[in-house]
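First the structure, in the form of structure tokens, and then the observations on it.
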Amino acid sequence: MNLFLDALAWLTDPAHWTGPGGVPTRVLQHLAITFAAVTAAAILALPAGVLIGHTRKGAGLVGAIAGAARAIPTLGLLTLLGLALGIGLKAPLIALIVLAVPSVLAGAYAGVQNVDTAITGAARAIGMNPRQIVFQVEIPLAAPVLIGGLRAATLQVVATATLAAYTADFGLGRYLFSGLKSRDYAEMLAGALLVAALALLLELLFAAGQRLAAKRIAAPAHEKGAAESDSPREKEPV
Amino acid sequence: MIEFETVSKTYPGQSVAVADFSLVVPSHRTVVLVGSSGSGKSTLLRTVNRMVEPTSGRVLIDDEDVRERDPVALRRSIGYVLQHGGLLPHRSVLDNIATVPVLKGTPKRRARTAASELLERVGLDPKIGRRYPGQLSGGQQQRVGVARALAADPNILLMDEPFGAVDPIMRRELQEELLRLQAELHKTIVFVTHDIDEAFLLGDEVVVLREGGVIAQRGTPAEILGAPADDFVRDFVGADRAERELHITTVDGRSIAVDGTGRPVGVLAP
Ligand SMILES: Nc1ncnc2c1ncn2[C@@H]1O[C@H](COP(=O)(O)OP(=O)(O)O)[C@@H](O)[C@H]1O
Ligand SMILES: [Mg+2]
């Protein structure tokens, strides 16, 4: 209770909101490494997931990769990478990418694979080529699930990005590590609260994005207003 | 003109779906393939637009083997209507209809205008164009499916049980609509159904299939109904059904057609 008040006091202290070690800078750093890791994971895993979902070949591979990657303890990986690559952002960035890949891959794969084959079959039958089926049919219809994968990955990464401070003076994790060292538990808790707040904010943004993708892209029929008439009215046949 | 030359199809790990099927579909005619489920109708239909490659034999369109054609270009040149519409749920009705013309390079705006006209052509209010397939009734979706198939002005229409999933009253309306359209457009239509009454209503020629795509009988509806080739056809077309057995009675000096159960079905025209 007291600690919580101390943390609040720490957070409301204007001194902690300025300068290179201030909250705004650290938040931006934290967001930057999260964004970088998820973007890199997306570049690696989205095409692979979409391709596997489209061809329905290599689903076992997805399971294996996702399972293996999930089993890797991020802290352990970071330690190993840190030893190999030294101080800096490279090691945490790679560890975070490894953390993000399974969710992104699974979302893309599941989203595309679950598109009704009757719809893709019809698209093929009227003369869409495979590329057009992927980009004009499968990806739009898979968008909510695909974004769901990015959302899960982002949540994991933003929470785990605290570990970047392990090998670099970077991100909100810095408050946790320095608080731990100097036994400043108020600073530690403040750092944890900031991470939680950031995670919540990103979660809300992604939830909105997912809803928007569902409404605008995948199933616009269910958009409010567009469905003003439920009663099918047909013109009399001549 | 579409020619099936001893077309056979065996799906991997399955028994024979279609064996040695030969048929000529003359241009500007409607030929209906009718048979029970699993008799190979869809398989045959799909060999025309190369959705299915025959195991042996070949399919010719205007004397050209379809295998010589690029499958994507071939499919864009043939209208295809499916049972469940197969519309893209995330595109508006207009954009669904405009799909193939846009793929072929027609500017979007022009394709949409044409799509709107097609809606009227198939008996729908053009206002429906802004809606999405999920907001339409089954019958409306099938009409949109027909409009989409017509959008690139193909010579050939392939229709795979297009009215199978709508209620009987709607089905009847859709069938009448198709007859009316065909009277204007003179497409070469291959129509697949398991409903013999639908086959007789729509077909210039009807091909009755048994298991394995074997032709039990082919001919005009009158030929088949009048002289079923064997017990299978007789049974399939219900030639012995009471409502097919009409005779004439005279009531108040007028000739009334009465079916086998004694129910009056019409008045003989003078
Ligand atoms: N893609 C496929 N893979 C394997 N078997 C199939 C496939 N499509 C159809 N078949 C089989 O081929 C036979 C004919 O099917 P189909 O042409 O769909 O008949 P119909 O349209 O008359 O119901 C059936 O036994 C069916 O199970
Ligand atoms: Mg079928």
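Quickly run through segment B:217-254 and pick out the residues that are part of a loop (DSSP other than H, G, I, E, B) and under 23 Å from B:SER22 (Cβ atoms). Walk me through how you get there before you give the answer.
Here is the first cut: in segment B:217-254, the ones part of a loop (DSSP other than H, G, I, E, B) are B:220, B:227-230, B:238-241, B:245-246, B:252-253.
Answer for segment B:217-254, where residues must be part of a loop (DSSP other than H, G, I, E, B) and under 23 Å from B:SER22 (Cβ atoms): B:THR220, B:ALA227, B:PRO228, B:ALA229, B:ASP230.
If I filter segment B:40-64 down to residues being aliphatic (A, V, I, L, M) and within 14 Å of ligand 1 (Cβ to nearest atom), which single residue comes out as farthest from the other protein chains (Cβ to nearest Cβ)?
Step one: list which residues in segment B:40-64 are aliphatic (A, V, I, L, M), which gives B:44-45, B:48, B:51-52, B:59-61.
Now narrow it down to the ones that are within 14 Å of ligand 1 (Cβ to nearest atom): B:44-45, B:48, B:51-52.
Numbers: B:LEU44: 14, B:LEU45: 10, B:VAL48: 11, B:MET51: 5, B:VAL52: 10 Å.
My answer is B:LEU44.
Just to be sure before I move on: is B:PRO107 away from ligand 1 (no atom under 16 Å from the Cβ) and either more than 10 Å from chain A (Cβ to nearest Cβ) or charged (D, E, K, R) (or both) in the structure I sent?
Working: away from ligand 1 (no atom under 16 Å from the Cβ): yes; either more than 10 Å from chain A (Cβ to nearest Cβ) or charged (D, E, K, R) (or both): yes.
Taking the combined requirement at face value, the residue satisfies it.
Please enumerate the residues belonging to segment A:47-70 that are more than 20 Å from the chain's Cα centre (by Cα), more than 19 Å from A:ILE97 (Cβ to Cβ) and free of Cβ contacts under 8 Å to residues at least 12 places away in the same chain.
Passing the criteria: A:THR55, A:LYS57, A:GLY58, A:GLY60.
Just name the residue that is nearest to A:ILE65 (Cα to Cα) out of those in segment A:17-44 that are small (Gly, Ala, Ser) and modelled with pLDDT of 95 or more. Steps first, please.
Step one: list which residues in segment A:17-44 are small (Gly, Ala, Ser), which gives A:19, A:21-22, A:32, A:36-37, A:40-42.
Remaining after also requiring modelled with pLDDT of 95 or more: A:32, A:36-37, A:40-42.
On the way: A:ALA32: 26, A:ALA36: 21, A:ALA37: 18, A:ALA40: 17, A:ALA41: 13, A:ALA42: 15 Å.
For segment A:17-44, the residue satisfying everything is A:ALA41.
When B:VAL16 is evaluated against the numbered criteria (1) modelled with pLDDT of 95 or more; (2) more than 14 Å from every other protein chain (Cβ to nearest Cβ), which criterion, by number, is the only one it fails?
(1)
Looking at (1) under 17 Å from B:GLU177 (Cα atoms); (2) buried (at least 24 other Cβ atoms within 10 Å of the Cβ); (3) more than 8 Å from chain A (Cβ to nearest Cβ); (4) of a type outside the set (A, V, I, L, M, F, W, C), find the lone condition where B:ASN96 falls short.
Unmet for B:ASN96, out of (1) under 17 Å from B:GLU177 (Cα atoms); (2) buried (at least 24 other Cβ atoms within 10 Å of the Cβ); (3) more than 8 Å from chain A (Cβ to nearest Cβ); (4) of a type outside the set (A, V, I, L, M, F, W, C): (1).
Among the residues of segment B:164-191, write down those that are within 16 Å of ligand 1 (Cβ to nearest atom) and either surrounded by fewer than 24 Cβ atoms within 10 Å (Cβ to Cβ) or within 13 Å of chain A (Cβ to nearest Cβ) (or both). Talk me through it step by step, then tell me what you get.
First pass over segment B:164-191, keeping only residues within 16 Å of ligand 1 (Cβ to nearest atom): B:164-165, B:190-191.
The answer is B:GLY164, B:ALA165.
Does any residue in segment B:65-83 that is more than 10 Å from every other protein chain (Cβ to nearest Cβ) come within less than 8 Å, Cβ to Cβ, of a residue that is hydrophobic (A, V, I, L, M, F, W, C) and part of a helix (DSSP H, G or I) six or more places away or on a different chain, and which pairs are these?
B:VAL66/B:VAL48; B:VAL66/B:LEU74
Consider only pairs whose beta carbons are under 6 Å apart and that are at least six residues apart or on different chains; among these, list those whose first residue lies in segment B:159-186 and is over 19 Å from B:LEU119 (Cβ atoms) and whose second residue is exposed (fewer than 15 other Cβ atoms within 10 Å of the Cβ) and at pLDDT 95 or above.
Pairs that qualify, where the first residue is over 19 Å from B:LEU119 (Cβ atoms) and the partner is exposed (fewer than 15 other Cβ atoms within 10 Å of the Cβ) and at pLDDT 95 or above, are B:HIS186/B:HIS28.
Quick check on segment B:22-39: of everything there that is crowded, with 22+ Cβ neighbours inside 10 Å and either within 11 Å of ligand 1 (Cβ to nearest atom) or within 14 Å of chain A (Cβ to nearest Cβ) (or both), which residue is nearest to B:ASP197 (Cα to Cα)?
Here the answer is B:VAL34.
Counting just the residues of segment A:117-167 that are touching a Phe, Trp or Tyr at 6+ places or on another chain (Cβ under 9 Å) and free of Cβ contacts under 8 Å to residues at least 12 places away in the same chain, which one comes out surrounded by the fewest Cβ atoms within 10 Å (Cβ to Cβ)?
Top of the filtered list is A:ALA125.
Taking segment B:192-214, which residues are part of a helix (DSSP H, G or I) and either under 13 Å from the mean Cα position of the chain (by Cα) or within 14 Å of chain A (Cβ to nearest Cβ) (or both)? Before the answer, list the steps.
Taking segment B:192-214 first, the residues part of a helix (DSSP H, G or I) are B:196-202, B:211-213.
Once the filter is applied, which keeps residues that are part of a helix (DSSP H, G or I) and either under 13 Å from the mean Cα position of the chain (by Cα) or within 14 Å of chain A (Cβ to nearest Cβ) (or both), segment B:192-214 yields B:ILE196, B:ASP197, B:GLU198, B:ALA199, B:PHE200, B:LEU201, B:LEU202.
The values are calculated or read from the model by the stated rules, or taken from the named source; none is laboratory data. In this text, all values refer to a predicted model and were calculated from it rather than measured experimentally. Every residue, glycine as well, gets a Cβ built from its backbone with ideal geometry; the counts of neighbours run over all protein chains shown.
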